[in-house]
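What follows draws every value from the coordinates through simple rules; no lab data is involved. Since the structure is predicted, the reported quantities are computational estimates derived from the model, not experimental observations. Here the Cβ is made from the backbone with ideal geometry for all residues, glycine too, and neighbour counts use every protein chain on show.
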Amino acid sequence: MRLLRLLEMPLPGGENSPYPLVLPRLATPRLLLRAPRRGDDRDLLRVTSDPLVSRYVLWSQQHSLEEARRFLRALMAENRAGGGLTFAIERREDRRMIGTVGFGAFNREHQYAECGYSLARDCWGQGFASEALSALLTYGFETLGLNRIEGLCAVGNPASARVMEKCGMRREGTLRGRVLLKGEYVDVWMYAKTKQDR
């Protein structure tokens, strides 16, 4: 599941962005992390139309192909503007786009960022989320030079917590009523990994 946004400092856009304006391709044994593209719309709808996938994320459930296309265009525009860095998660076996993973807010002065991800429900429980997140963390530390990567998940979403734990992120505490999620303020767990933890 995509992690909830934490950091309050917006990403600088364009030339001032800490993120590359052209996303690299990151390969893992079973996945390819790449830039989202227009042809991903139907696969994205499979992810975003599922009420269980959208339950713990800040974006709304998608109900049509046109909604998924608008969402996809927004992700692509944010990447181009340097306002975020979102990869499509492609399963190498069948080249299907099965979710997204990426960084949102970034603090340049202190070199930390927030990570997040979402995954199609038929791909849960197979280690894809942790494989994608692990690749993202490595990229963040080794290529972007981050010192700390943070993530939040709703207390009611222990599956997301397990993904972060599998990637070596540590639970640092509970933030009470931190996020307005689907009309209700929820408690979230703060997770983080630092360069020293590697």
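Of note:
- Relative contact order of segment 14-151, taken over Cα pairs closer than 8 Å and 6 or more residues apart, is 26 percent.
- Spin-label pair Ala77/His110, simplified geometry with 7 Å Cα→Cβ offset, distance in nm: 3.1
- Labels on offer are (i) 1.11; (ii) 0.93; (iii) 1.05, and the one holding Rg/Rh (Cα atoms, Kirkwood Rh) computed from this structure is (ii).
- Multiplying the residue separation of Val155 and Arg171 by 0.36 nm and removing their Cα-Cα distance gives an extension gain of 4.6 nm.
- Mean residue ellipticity (222 nm) of the chain, computed from DSSP H runs ≥ 4 via -39,500 (n - 2.57), nearest 500: -8000 deg cm²/dmol
- Size of electric dipole in the chain: Cβ of Lys, Arg +1 and of Asp, Glu -1, about Cα centre, debye, nearest 20: 280
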